[in-house]
Structure formats: C-alpha cells, structure tokens
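Chemist: Starting off with a structure, shown below.
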Amino acid sequence: SAADSPSFQVLESDSSGLRYAKDKNAIYYQENKIADCDLSSFSVINENYSKDKNFVYFQGKKINTAIPSHFELLI
C-alpha cells in the first residue's frame, strides 16, 4: 500500500536519496516498508542501521540475532 501523504515525513536522506521515512502507519527504508516495525520506539542509528524496541534492522531488514537494548556500532 502507498504511504499516507498527509503524515509522511523524511527521517533521514543524503545525496544519493531518501533513506528513512515514516507516516502514521509505517516506517520505510528507501521505498520499502519495514515489516513489523514499532513506530513509537523506532530510531535511526546511521544510514544502514536502525532499531525499535523489538528489533535491529540493517537496510530495513531484521537482524534476528541482535538485541536492540544492547546494540551499538563499534566503528
């Protein structure tokens, strides 16, 4: 389904284009909806990583072995 235009907002973008966005129904990585994402706790870590209270995501896909409350980048 299409994004909800009235509530749509960009969370992060760069010179190559849109990275993260959200509307009242979902979070998006590029043009793809992030499945099972918790809107209220979602945060962008960097251009590739994000998390919510339940999952860590790499380019919008779940990392099933990562624990959000303990996840941090060491780079």
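Chemist: Among the lysines, which fall within straight-line cross-link reach of K33, defined as a Cα-Cα distance under 16 Å, with same-chain neighbours fewer than 8 residues apart omitted?
Modeler: K22, K24, K51, K61, K62
Chemist: First select every other residue whose beta carbon is under 12 angstrom from the beta carbon of I45; then total the charges, Lys and Arg +1, Asp and Glu -1.
Modeler: Around I45, the charge tally is -2.
Chemist: By its C-alpha gyration tensor, with a ≥ b ≥ c as the square roots of the eigenvalues, how is the range 15-75 shaped: rounded for a/c under 1.5, else prolate for a/b larger than b/c, else oblate?
Modeler: Oblate.
Chemist: Let me check against my output: what whole-number percent is the relative contact order of the chain, with C-alpha pairs under 8 Å and at least 6 apart?
Modeler: On the way: 123 pairs, mean separation 12.9, N = 75.
Here the relative contact order equals 17 percent.
Chemist: Quick check: residue separation of V10 and T65 times 0.36 nm, minus the Cα distance between them. What number comes out in nm?
Modeler: 17.0 nm
Every number in this text was worked out from the coordinates using simple rules, so none of it is lab data. If you're wondering where the values come from, they're calculated on a predicted model, not measured in any experiment. Quick reminder, even Gly has a Cβ in these numbers, built from the backbone with ideal geometry, and neighbours come from all protein chains shown.
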